[in-house]
Structures are given as C-alpha cells and as structure tokens.
1. Considering each of 19, 10, 25 in turn, give the residue that is modelled with pLDDT under 90 and more than 48 Å from the chain's Cα centre (by Cα).
2. Name the residues in region 34-90 that are under 21 Å from the mean Cα position of the chain (by Cα), crowded, with 18+ Cβ neighbours inside 10 Å and not aliphatic (A, V, I, L, M), would you?
3. Quick check: is even one residue across region 115-123 assigned to a helix (DSSP H, G or I), out of contact with any Ser or Thr (no Cβ under 7 Å at 6 or more places or on another chain) and open to solvent by less than 30 Å² (accessible area, probe 1.4 Å)?
4. Suppose we keep only residues that are part of a loop (DSSP other than H, G, I, E, B) and at pLDDT 80 or above within region 181-205. Which one would you say is most open to solvent (accessible area, probe 1.4 Å)?
Amino acid sequence: MQVVKKKTTREVWESLKTRFVGAERVQKARLHTLKSEFEALRMKDGKSIDEYAGKLSGMISKYNSVGATLDDEELVRKLFVTVTEKYIHLISSMEQYSDVEEMPFEEAIGRLKAYEDMLKLLQGGSTGENSLLLTKMEGQTMSKQKNKAPSGGGRGWNGDRGGRGSTRRGRGAGRGRGDQHDRKSSQEGGRSNRDPHEKSHIRCFECQQYGHYASECPNKK
C-alpha cells in the first residue's frame, strides 16, 4: 500500500530507501539520547541493588529497540563504578581476584546482592538483640567489680563512694599507723607523695578494672 502509486521497480526502491533512511536517522538520534541517559545513571543512597540493577536491565531493552546492544562488560563496569560507597571493599576484592572483563552481568549483581543482605543482617543485629546483650554484659561486669572491690582503704584504692562508710571499712581492716597513712593518701587522691607513674588508683572506663587507662585497656570493646 505504501508504494502502490509507483510504476517502476526503481521508483519503488527509491521510495523505500528514502523512507528507511529517515527512520535510521531517527534511530541514531534516539541512540544518542539513550547513551546520555545510560552515562547519567547513578545508584542513590537508600536504594537496593535490585532496584538499581532493574534500571540497568531496562537500558538493555531500550538499546535493543534502536538496534544497538549493551554487552556484559560495559554493564558490569557501569555497575561497579556507580554503586554507593558501602560496596567499595567488595568491588576492590572482585577486581583484584576476578576477571571482570569476562564476568556475566547477572553474576556481578548476585555478588553485590549477597553482600547487601549480609550488611542488613549485621546492622539489624547490632541495633536489636546485640545491643541488649551488650548492655546486660556491661551491667554484670560492673556488679562483679563492685563485689571484688577491697573493703579497706588500702594503698591505691579510691572507692566510688568515699566518706564515712569507706572510713569505717578502713578502720575495720587495720588500725596501724601505716594503714591510716595509706587510707589518708587514698582519700586525698595522692596529690603530694604519690608516684606520678603509679596507676593502681586508676580505674579503666572500658573494663572497670584498676591499674590502667581506657586507652591502654587490653579488653577494649
């Protein structure tokens, strides 16, 4: 019906050639637009790998509609370069130990998806039951330290609650001049005659033990 008015085969040929040349130019313009769209794609924070991979897969069908193709190598490179920073360690490992040029697009998506699921699992645990367990363990540690605290005012012990109760325990532990002198030094905080390098009175904020600072704690959480 498009060439019914043409009388010779040459006229038919020229008509078809002109028509499809115009369509080819439209396809080239459309392909140029698709390339710009593909280059502008970036994974946004808060989006999942499935969502971003869906956008990249949608570009494959758009390219096919204008007679072009996107190979796996180009898609994998695009995926690795444009994902968010939390995947940077996995991507560095994959580029070092895997042949990225031969890696299928689906395999790259699968590895990133598995890494994403692991991060979600770890983050969910750290904000839920793990936090409660950590709080319980800290409470038990502090309770044990209070039970193990010396009852007297011996050398280097600076109790949490000084005053009359601590003095009474000190009197019960020993009444000699040496004990009284040590108890007085402990209560005054060793401002005058304590060795500046002496750490027996130092209480660690990490493990609640005495004898070191928190920065030196061997049991740092």
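The values are calculated or read from the model by the stated rules, or taken from the named source; none is laboratory data. The model shown is predicted, which means the values in this text are computed figures rather than measured ones. Cβ sites come from the backbone with ideal geometry, for glycine too, and all protein chains shown count toward neighbours. Ligands, DNA and RNA are excluded from the accessible area calculation, which covers all protein heavy atoms including side chains. Shrake-Rupley method; radii C 1.70, N 1.55, O 1.52, S 1.80 Å.
1. Criteria check complete, one pass: 19.
2. 52, 80, 87
3. no
4. Applying the first criterion (part of a loop (DSSP other than H, G, I, E, B)) to region 181-205 yields 189-202, 204-205.
The next check asks that each one be at pLDDT 80 or above; those that pass are 202, 204.
Details: 202: 26, 204: 0 Å².
That would be 202.
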